[in-house]
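The values are calculated or read from the model by the stated rules, or taken from the named source; none is laboratory data. What you are looking at is a predicted structure, and each value in this text was computed from that prediction instead of being measured. Cβ sites come from the backbone with ideal geometry, for glycine too, and all protein chains shown count toward neighbours.
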Amino acid sequence: MAETNQRNAYGKTLLELCRENKDIVVLDADLGGSTMGKMVEVEPGLEDRHIEMGIAEANMISTAGGLSRVGKIPFCSTFAVFAAGRAYDQIRQSVAIGKLNVKICGSSAGCSDFGDGATHQSVDDIAYMRVIPNLSVFVPADANETAAIVKYMAKHEGPMYLRVNRNPYDNITPEGAEFVPGEPVVLKEGTDVAVFACGIMTVKALEAAKALEGRISVKVVNVPSIKPLNRESVIAIAKSVKGCVTAEEHSVIGGLGGAIAEALRLERTPVEFVGIEDRFGSSAHNYDDILNYLGLTTDHIVEAVEKINNMM
Amino acid sequence: MAYGEEMIKALKDRGQQLRRDCIRCIGVGVAGHVGGSCSSADLVAALYFHKMKVDPENPEWEGRDYFLLSKGHVAILQYAALAERGFFPVDDLPHCKDIGFYLQGHPHLGTPGIEAGTGSLGQGLSLGSGMALGLKMDGKPNRVYVLVGDGEMDEGQIWEAAMSSSAKKLDNLCAIIDNNGLQAQGRIEDRLPSEPIADKWRAFGWNVIEIDGHNMEEILTALDEAEGCKGRPTAIVAHTVKGKGISFAENQVGFHNRALTKEEYDKALEELA
């Protein structure tokens, strides 16, 4: 049965890849049991392929840069707030400028680490990873897509950032599908409003489309590749509907909403954002509570779709 | 003398040649990193013209040793060494910092002989540590040298890399600390005093060798000792003089990144002749 947790999909896929490719190494900053990067080291013969870097994220990223220069394919994992945030300068200076072949996994991303509160919830990582030239940014909708993207990352050259959710939920994309960077994927056809979504919000976009069935025809578009993003594809989708909504577990500033709005900057298409309204997260007792608190529910997408539909 | 007098003299001359190249490249009226280039010149000459295995015809040769300029602001010094060693034409040096040119203001991957981009201080040692780790995992004999500025030791990442490199027993890694005592806008001892430098590296698990960074025999001896040390990385603490070889620039804070007047330019080249 397919894995339903993105972290497990990350670890299991890396384990498979490590068996096939001797150059892949996995670095963790004392969180390998959580990012699941550590799954690699339990396999006899692969113990030294998981490299424990201690609680030193900056050094981990630059070290990975060095490893890549001598032929290794390093995957660095830690929580998204520490990978993208604490090690921002190392990603920019050591890795991205030189287009080094370093793969970064921002784990427990968004508010999926609901208990730990604002310090551990990345409401901003897509924005500041997306703005770095040369760096690709991928946000899988589910565990199946996570596996596909990890395989792609291992196979293709260049610096890449992967955003991984902490919590399990049912897959909405097929197991074994090939990941194509740059391309938004239409999961459900519709003619009134298109919802561009990533991560868990793609699940909620499908739910919103269903809730609106018979009233508003909603096209649901999964955007696992925030960067690169094929502008023509986004425009073609926007032109097939009356207006657009974006939905992401991230600030409304600089994330998927920003990427879609930038792509549509010469189009006469209204775009509404569903995301976190320029604020930090909070501790919560479960994932649904924090998603609701931050305005990231199916109902929020329904409201946004209605708003756009009523405008036109 | 363990090393022939002629070789020592030739390497000293190389150091002076690199200083002259730097001055010519910086020229008159345009800011350039005179001080730190001159303090590191003898160390860099010893590496490129004696110690390191490199192939100018094939910069990415698998058997090469790696050099990283963690104090990336003295890129011009490394460019001078690479040019004199034959990686690219010496005549290209004055075009450093031309828009889009392969000789950027800080080392940039893609320039022949440059192993990684450096310049955001504190990151070069980690990059070198990663190279050393990867080479060691593959059982390769290549060595990795990282030139670190003493001012750069303010950066916390240096100490992350120091811990990590000794924990991973990277005896193929050698950090060379250019201890000239000055940083961009003042004396280190007036900012974040870095002494005792040698004790700090020792405490972090490194083999430490202290030398006069302008004494070529001491430099060569230290580099050989570093290669012979097993089970831990080596830090060579090289006591140097910022602006070495140019009387009016020696040990002067103002010559970190400064434009030379025509008179200063001529005098510098005369003294370095």
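Considering every residue within the stretch B:50-71, establish whether at least one is within 20 Å of B:L147 (Cα to Cα) and in a helix (DSSP H, G or I).
yes
In the stretch A:103-111, is there at least one residue being surrounded by 24 or more Cβ atoms within 10 Å (Cβ to Cβ) and within 13 Å of chain B (Cβ to nearest Cβ)?
no
Report yes if A:T202 is of a type in the set (V, I, T) and closer than 24 Å to A:A109 by Cβ, otherwise no.
yes
For B:A75, all conditions in the list (1) touching a Ser or Thr at 6+ places or on another chain (Cβ under 8 Å); (2) surrounded by 24 or more Cβ atoms within 10 Å (Cβ to Cβ) hold save one; what is the number of the exception?
Of everything listed in (1) touching a Ser or Thr at 6+ places or on another chain (Cβ under 8 Å); (2) surrounded by 24 or more Cβ atoms within 10 Å (Cβ to Cβ), B:A75 misses just condition (1).
Step by step: first the residues of the stretch B:228-252, then only those that are touching a Ser or Thr at 6+ places or on another chain (Cβ under 8 Å) and more than 19 Å from B:K12 (Cα to Cα), then the one that is surrounded by the most Cβ atoms within 10 Å (Cβ to Cβ). Which residue is that?
B:P233
May I ask you to list the residues in the stretch A:4-43 that are modelled with pLDDT under 95 and either out of contact with any strand residue (DSSP E or B) (no Cβ under 8 Å at 6 or more places or on another chain) or among the aliphatic types (A, V, I, L, M) (or both)?
Correct list: A:V42, A:E43.
Can you tell me which residue in the stretch B:116-140 is farthest from the other protein chains (Cβ to nearest Cβ), limited to those that are among the small types (G, A, S) and in a loop (DSSP other than H, G, I, E, B)?
So the residue we want is B:G139.
Could you check, for the stretch B:153-171, whether at least one of its residues is among the hydroxyl-bearing types (S, T, Y), closer than 25 Å to A:G98 by Cβ and touching a Ser or Thr at 6+ places or on another chain (Cβ under 9 Å)?
yes
Considering only the stretch A:219-230, I want to know if a residue exists there that is in the same structural domain as A:A263 (by TED's automatic domain parsing), charged (D, E, K, R), within 16 Å of A:E303 (Cβ to Cβ) and at pLDDT 95 or above.
No, every residue in the stretch A:219-230 fails to be in the same structural domain as A:A263 (by TED's automatic domain parsing), charged (D, E, K, R), within 16 Å of A:E303 (Cβ to Cβ) and at pLDDT 95 or above.
If you take the residues in the stretch B:47-72 that are more than 20 Å from B:L173 (Cα to Cα) and touching a residue at least 12 places away in the same chain (Cβ under 8 Å), which one is surrounded by the fewest Cβ atoms within 10 Å (Cβ to Cβ)?
Within the stretch B:47-72, the match that is surrounded by the fewest Cβ atoms within 10 Å (Cβ to Cβ) is B:E57.
So in the stretch B:141-157, with the set limited to residues that are facing chain A (nearest Cβ under 9 Å) and touching a helix residue (DSSP H, G or I) at 6+ places or on another chain (Cβ under 7 Å), which one is surrounded by the most Cβ atoms within 10 Å (Cβ to Cβ)?
Going through the qualifying residues, I end up with B:V144.
For the stretch B:147-264, please list each of the helices (runs of 4 or more DSSP H) lying entirely inside it that holds at least 2 residues being touching a Lys or Arg at 6+ places or on another chain (Cβ under 6 Å) and either closer than 30 Å to B:Q17 by Cβ or hydroxyl-bearing (S, T, Y) (or both).
Ranges flagged: B:216-228.
Residue-by-condition table, conditions (1) under 20 Å from B:G139 (Cβ atoms); (2) within 14 Å of chain B (Cβ to nearest Cβ); (3) touching a His at 6+ places or on another chain (Cβ under 6 Å):
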position: A:L15; (1), (2), (3): no, no, no
position: A:R19; (1), (2), (3): no, no, no
position: A:I24; (1), (2), (3): yes, yes, no
position: A:M36; (1), (2), (3): no, no, no
position: A:H50; (1), (2), (3): yes, yes, no
position: A:N59; (1), (2), (3): no, yes, no
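If I ask for residues that are among the hydrophobic types (A, V, I, L, M, F, W, C) and closer than 21 Å to A:M36 by Cα, which ones from the stretch A:143-178 would you list?
Residues satisfying the conditions are A:A143, A:A147, A:A148, A:I149, A:V150, A:M153, A:A154, A:M160, A:L162, A:V164.
Does A:A284 meet the test of being modelled with pLDDT of 95 or more, part of a helix (DSSP H, G or I) and outside the structural domain of A:D125 (by TED's automatic domain parsing)?
Taking the combined requirement at face value, the residue does not satisfy it.
What are the pairs, 6+ residues apart or on separate chains, where a residue within the stretch A:76-99 that is within 11 Å of chain B (Cβ to nearest Cβ) has its Cβ under 6 Å from a residue that is in a strand (DSSP E or B) and surrounded by fewer than 23 Cβ atoms within 10 Å (Cβ to Cβ)?
So the pair list comes out as A:G98/B:L109.
Suppose the filter is among the hydrophobic types (A, V, I, L, M, F, W, C), surrounded by 24 or more Cβ atoms within 10 Å (Cβ to Cβ), away from chain B (no Cβ under 14 Å) and more than 16 Å from A:L162 (Cα to Cα); does A:F114 pass it?
Here the answer is yes, as A:F114 does meet what is asked.
For A:V221, are the conditions met, namely being buried (at least 24 other Cβ atoms within 10 Å of the Cβ) and either of a type outside the set (S, T, N, Q) or in a strand (DSSP E or B) (or both)?
yes
Got a number for residues in the stretch A:156-171 being farther than 25 Å from A:E232 by Cβ and without any contact (Cβ under 8 Å) to a residue 40 or more places away in the chain?
Qualifying residue count for the region: 0.
Determine whether the stretch B:108-115 contains at least one residue that is more than 9 Å from chain A (Cβ to nearest Cβ), more than 15 Å from the chain's Cα centre (by Cα), modelled with pLDDT of 95 or more and buried (at least 19 other Cβ atoms within 10 Å of the Cβ).
Looking through the stretch B:108-115, at least one residue is more than 9 Å from chain A (Cβ to nearest Cβ), more than 15 Å from the chain's Cα centre (by Cα), modelled with pLDDT of 95 or more and buried (at least 19 other Cβ atoms within 10 Å of the Cβ).
Residues are listed down the side, and each one gets a yes or a no for (1) of a type outside the set (S, T, N, Q); (2) free of Cβ contacts under 8 Å to residues at least 12 places away in the same chain; (3) touching a Lys or Arg at 6+ places or on another chain (Cβ under 6 Å):
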{"site": "A:M36", "(1), (2), (3)": "yes, no, yes"}
{"site": "A:V42", "(1), (2), (3)": "yes, yes, no"}
{"site": "A:M53", "(1), (2), (3)": "yes, no, no"}
{"site": "A:I61", "(1), (2), (3)": "yes, no, no"}
{"site": "A:R69", "(1), (2), (3)": "yes, no, no"}
